[in-house]
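A short worksheet on the structure shown next.
The values are calculated or read from the model by the stated rules, or taken from the named source; none is laboratory data. Only a predicted model underlies this, so the values are computations on that prediction, with no experimental measurement involved. In this analysis, Cβ positions are derived from the backbone assuming ideal geometry, glycine residues included, and neighbour counts consider all displayed protein chains. For the accessible areas, the whole protein counts, side chains as well, though only heavy atoms, and no ligand, DNA or RNA atoms are used. Shrake-Rupley method; radii C 1.70, N 1.55, O 1.52, S 1.80 Å.
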Amino acid sequence: MLAAFLHKKLIEAGLDEAGRGCYAGPVFAAAVILPKNFYHPLLRDSKKLKEQDRDILRPIIEKEAIAYAVASIDNDEIDSINILQASYKAMHTALDKLEVIPEQLLVDGNRFKRYKNIPSHCIVKGDDKYAAIAAASILAKTYRDEYMKQLHEQYPHYGWKNNKGYGTLTHRQAIEEHGLCPYHRRSFDIDTKKLLLFCEKDAIN
């Protein structure tokens, strides 16, 4: 069972990102402030849920949250500032959009770039430990998946409707056959074969 909070009296926002290890598309991040008594039996790390369960949870989270926001950083900016800084920026932008100012941040992972003067706690596998982080992981994942499905209509040969821009065999083969499109990440301006090797090393969501 996920913990409802780290500190009972503080307003806590959970933070998580989606798409960090993809070959193509933006990185998305979400910030979610849940009521202290929020509970749903399906809620957990988005990667451990079926797509249909994530789709069930998204409107529930949006309705029940005290506040939530989602932001993204596109592939061009990812290439410009690197994926780690882009992930931080997406999280900060989501925090900027919150209608309620949190007093504490619960961040999935082991690193975070300080946001204003708000205390933050990095929690490894936090999306499977704290409800607010799990909720953020679900919003970030569903918003990004929705975006990649829309891009699929423009570039169906990459299979983004199914792989969402991750480095599946279908996606790698499509890059070899069709080359890169404007939504692919071109860090270090490397060629297609090197891109495949680079992305395989970084393909961790």
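Brief remarks on what is shown
- Looking only at residues of the stretch 134-165 that are part of a helix (DSSP H, G or I) and hydroxyl-bearing (Ser, Thr, Tyr), we find that the one that is surrounded by the fewest Cβ atoms within 10 Å (Cβ to Cβ) is Tyr147.
- Evaluated against (1) open to solvent by 50 Å² or more (accessible area, probe 1.4 Å); (2) within 17 Å of the chain's Cα centre (by Cα); (3) over 15 Å from Glu12 (Cα atoms); (4) free of Cβ contacts under 8 Å to residues at least 60 places away in the same chain, Leu42 falls short on exactly one condition, (2).
- Test: residue in the stretch 46-60 that is in contact with a helix residue (DSSP H, G or I) (Cβ under 9 Å, 6 or more places away or on another chain), surrounded by 16 or more Cβ atoms within 10 Å (Cβ to Cβ), in a loop (DSSP other than H, G, I, E, B) and in contact (Cβ under 8 Å) with a residue 24 or more places away in the chain: yes
- So Glu146, is it of a type in the set (Asp, Glu) and without any contact (Cβ under 8 Å) to a residue 24 or more places away in the chain: yes
- All positions within the stretch 81-124 that are open to solvent by 60 Å² or more (accessible area, probe 1.4 Å), touching a residue at least 40 places away in the same chain (Cβ under 8 Å) and farther than 15 Å from Leu10 by Cβ: Asn82, Lys97
- Restricting the first member to the stretch 4-15 and to residues that are within 13 Å of Ile118 (Cβ to Cβ) and surrounded by fewer than 20 Cβ atoms within 10 Å (Cβ to Cβ), and the second to residues that are modelled with pLDDT of 95 or more and not polar (S, T, N, Q), the beta-carbon pairs closer than 6 Å and six or more apart or on different chains are Leu10/Glu103; Ile11/Pro102; Ile11/Glu103.
- Screening the candidates Leu105, Leu98 for the property of being hydrophobic (A, V, I, L, M, F, W, C) and touching a His at 6+ places or on another chain (Cβ under 8 Å) yields one hit, Leu105.
- Filter result for Lys36 (part of a loop (DSSP other than H, G, I, E, B), open to solvent by 30 Å² or more (accessible area, probe 1.4 Å) and more than 15 Å from Ala65 (Cα to Cα)): no
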